Amino acid sequence: MKTGKWERRTERASELASSHPFASQGLRFYERLARFQKSLYAEIEAECGSGKEKRLSGTLRGEFDVFMLLPRFAPFVSALEGIAPCPLASSVRELRLQDAGRWQRILREFWELSPVALNLQPAEELVAWLFLQPYAEYLADHSEWDYRDGTASTCPVCGSKPQVGVLRPEGEGGKRSLICSLCAMEWDYGRIGCAACREEDPQKLALYSAKEFGYVRVEACESCRRYIKTVDLTKNGHAVPVVDELAMIPLDLWAAERGYQKIHPNLLGI
Ligand SMILES: [Zn+2]
Ligand SMILES: [Zn+2]
């Protein structure tokens, strides 16, 4: 079972919550959430198997095992209600009181990127996203994809937007990739180029980092006014990109003050 990565996430969240008090509430929430997600991932793996299936790239959202997922939704929502920060907890409670038919529609519409999904309440969309992440990640991990190194700005296996960028050591420098906001797949992306619109003109691309945490930078684009944060593992090998992304709130404030919009908000709504 691939649980090692879940442990690395929760341990990193706990570590950062202690060292970054301004982000500790969100990180403690994430730490507890990731424990539930880890259990869900383990249950899915126990039920669906730990082997790998051949799948065509881009087809991840074509699978939706409602009989396996739906019975697990109510316990997940109850658990989430118990750990969510205040305004979210009351929205989650409203969702918990709805019937299974409504839950099924929410999950399916979110998963299938249905145009009706645009009518989902923000809290419904958030809960569907958090619940379906381990399922998407299970499918991504247990597949042999026919094509893994996409160069598009959306995930090559599920089509979602990236959550965070990464620089990994390669030769003298770093190799840049993007991590999917839904299935956590990481795909190679060029060294330069906006992660939303692929703009490559250096005049239109801005990089910003703060000296207290110089291993994370904002990559902002003047053409589409979007930004993403990128975690440089050549500078900090202990970082866990999806978790460090949550902690670096001052960088988001810098971007928001300049009117940039994040490519995909994180689970704290930032
Ligand atoms: Zn994906
Ligand atoms: Zn752009």
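The set of residues from the range 42-66 being among the charged types (D, E, K, R), open to solvent by less than 70 Å² (accessible area, probe 1.4 Å) and within 18 Å of Cys155 (Cα to Cα) comprises Arg55, Arg61, Glu63. Just to be sure before I move on: is Asp146 closer than 19 Å to Ala42 by Cα and of a type in the set (Asp, Glu) in the structure I sent? No, not satisfied. For the range 145-169, a tally of residues being more than 9 Å from ligand 1 (Cβ to nearest atom), at pLDDT 90 or above and out of contact with any His (no Cβ under 7 Å at 6 or more places or on another chain) returns 7.
Selection of the range 173-205 for residues being closer than 16 Å to Lys262 by Cα and either within 16 Å of ligand 1 (Cβ to nearest atom) or buried (at least 16 other Cβ atoms within 10 Å of the Cβ) (or both) yields Leu178, Ile179, Cys180, Ser181, Leu182, Gly193, Cys194, Ala195, Ala196, Arg198, Glu199, Leu205.
Counted as qualifying within the range 153-238 are the strands (runs of 3 or more DSSP E) with 3 or more residues that are touching a residue at least 40 places away in the same chain (Cβ under 8 Å) and away from ligand 2 (no atom under 16 Å from the Cβ), namely 162-170, 173-180.
The values are calculated or read from the model by the stated rules, or taken from the named source; none is laboratory data. Keep in mind that this is a model prediction, so the values were computed, not measured. Every residue, glycine among them, receives a Cβ derived from its backbone with ideal geometry; neighbour counts consider all protein chains shown. All accessible areas refer to the heavy atoms of the entire protein, side chains included, with ligands and DNA or RNA removed. Shrake-Rupley method; radii C 1.70, N 1.55, O 1.52, S 1.80 Å.
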